[in-house]
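**Student:** My questions all concern the structure below.
The values are calculated or read from the model by the stated rules, or taken from the named source; none is laboratory data. Quantities reported herein were computed from a predicted structural model and do not represent experimental measurements. Cβ placement follows ideal geometry from the backbone for every residue including glycine, while neighbour counts extend to all protein chains displayed. Please note that ligands, DNA and RNA were not included when accessible areas were found on the heavy atoms of the full protein model with its side chains. Shrake-Rupley method; radii C 1.70, N 1.55, O 1.52, S 1.80 Å.
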Amino acid sequence: MLNDDKLKHYYACRAAEYEQIYDKPERQSDLQRLREYLGQVFAGRDVLEIACGTGYWTQIIAQSARSIAAVDYAQEPLTIARAKDYGDCPVTFIVDDAYSLAQISDQYNAAFCGFWWSHVPQNKLSSFLHALHSKLPTDALVVMLDNSYVEGSSTPISDTDADGNTYQIRTLGDGTEHEVMKNFPSREFVREMLMSSATGIEIMELVYYWLVAYRAKRTGD
């Protein structure tokens, strides 16, 4: 199984070319819809963003959010994110582990996770959701965005492990190959994982992406 350090290394190596994925011509219609949605849904909110990477979606959320705490585990993408312009929205960048969020205090009334669910091993999803919801008040808005698998556009699945996690072999611009865990959950699986810790679950399925929005139940409620 791909461990967290290997995933961190992959995204550190990929940081400079990460946003090229958003240039794929066939995905532009979906991306426009997502930019419009995410540019408005967090209006006036203090947002905790998990796995912010290079800040691509942080900039879009900043169009209407009151503030953003953007978390990532790797310094290289955060260096790129810190150099961007977020307008009048104050953005704080934090190096932290998504499974503990030890550096995060309880001051956010919304959360966004972009393209992180797919990298969480099946047996750690509950732990991740528990950690995230423990940092949010009851009824906080949570939005998660990730990829759908589309033959011919997505990188082919190269392997599946005993827990049902799927993997891809990705080649970077320097020619190096990296095995990356990338899960593509069904609508039913996403809903099932959230049922005990969320209310008002709404799932949007586009061609190349899926998005879920819900209200979190604080851990212990």
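**Student:** Please find, in a Gaussian network model of the chain (springs between Cα atoms separated by less than 10 Å), the residue of 97, 46, 85 whose mean-square fluctuation is greatest.
**Tutor:** Sorting by GNM fluctuation, first place goes to 85.
**Student:** Give me the percent of the accessible area of the chain that comes from carbon and sulfur atoms, probe 1.4 Å, all protein chains in place. Write down the numbers at each step before the final one.
**Tutor:** Details: 4760 of 10120 Å².
Using a 1.4 Å probe with all protein chains present, the chain comes out at 47 percent carbon and sulfur.
**Student:** Okay, moving on. Could you work out the relative contact order of the stretch 1-72, using alpha carbon pairs under 8 angstrom and six or more residues apart, expressed as a whole percent?
**Tutor:** Details: 64 pairs, mean separation 21.0, N = 72.
Taking the mean separation of contacting Cα pairs over the length of the stretch 1-72, I get 29 percent.
**Student:** Moving on. Among rounded, prolate and oblate, which fits the stretch 1-115 when a ≥ b ≥ c are the square roots of the eigenvalues of its C-alpha gyration tensor, a/c under 1.5 means rounded, and a/b larger than b/c means prolate? Don't jump to the answer; show the numbers that get you there.
**Tutor:** Numbers: a/c = 1.71, a/b = 1.07, b/c = 1.60.
Oblate is the answer for the stretch 1-115, as a/c is 1.5 or above yet b/c matches or exceeds a/b.
**Student:** Shifting gears a bit: Report the one residue of 123, 32, 103 whose Cα lies farthest in the direction of the positive end of the charge dipole of the stretch 1-160 (charges on C-beta: Lys and Arg +1, Asp and Glu -1; origin at the Cα centre).
**Tutor:** Looking along the dipole axis, the top candidate is 103.
**Student:** Quick check on the chain: what does the Kirkwood estimate of hydrodynamic radius come out to from the alpha carbon pairs, in Å? Let's see the in-between values first.
**Tutor:** Values: mean 1/r = 0.0564 Å⁻¹.
Roughly 17.7 Å, rounded to one decimal.
**Student:** How many percent of DSSP beta bridges within the chain run antiparallel, rounded to 5?
**Tutor:** Of those bridges, close to 50 percent are antiparallel.
**Student:** Using only the heavy atoms of the protein chains and a 1.4 Å probe, how would 45, 82 rank by accessible area, largest first? Present the calculation step by step, with values, prior to reporting the outcome.
**Tutor:** Values: 45 55, 82 110 Å².
The most accessible residue leads, giving 82, 45.
**Student:** Something else now. Using a 1.4 angstrom probe and counting only protein chains, how large is the accessible area of residue 129 in Å², to 10?
**Tutor:** 10
**Student:** Next up: With charges set only on the Cβ (+1 for Lys and Arg, -1 for Asp and Glu), what does the dipole of the stretch 1-95 come to about its Cα centre, in debye to the nearest 20?
**Tutor:** Computed about the Cα centre, the dipole is about 80 debye.
**Student:** How much mean residue ellipticity at 222 nm does the chain get from its helices, if each DSSP H run of length 4 or more adds -39500 (n - 2.57) and you divide by all residues, to the nearest 500 deg cm²/dmol?
**Tutor:** -7500 deg cm²/dmol
**Student:** In addition: Strictly over 30 Å apart at the Cα level, which of 6/84; 24/217; 24/135; 84/124 would you flag in this model?
**Tutor:** On the way: 6/84 26 Å; 24/217 37 Å; 24/135 35 Å; 84/124 32 Å.
Violating the 30 Å limit, Cα to Cα: 24/217; 24/135; 84/124.
**Student:** Just want the answer: with Cβ charges of +1 for Lys and Arg and -1 for Asp and Glu, which residue in 68, 81, 44 is farthest toward the dipole's positive end in the chain?
**Tutor:** Result: 44.
**Student:** Let me ask another. With every protein chain in place, what's the accessible area of residue 151 (1.4 Å probe, Å², nearest 10)?
**Tutor:** 150
**Student:** Using heavy-atom solvent-accessible surface (probe 1.4 Å) with all chains present, what is the largest-first order of 50, 94, 21?
**Tutor:** Of 50, 94, 21, the descending order of accessible area is 21, 94, 50.
**Student:** Suppose every Lys and Arg Cβ carries +1 and every Asp and Glu Cβ carries -1, with no other charges. What dipole size does the chain come out with about its Cα centre, to the nearest 20 debye?
**Tutor:** Dipole size: approximately 500 debye.
**Student:** For the chain, report the accessible area per residue in Å² (1.4 Å probe, heavy atoms, rounded to an integer).
**Tutor:** Working: 10120 Å² over 221 residues.
Heavy-atom accessible area per residue stands at 46 Å².
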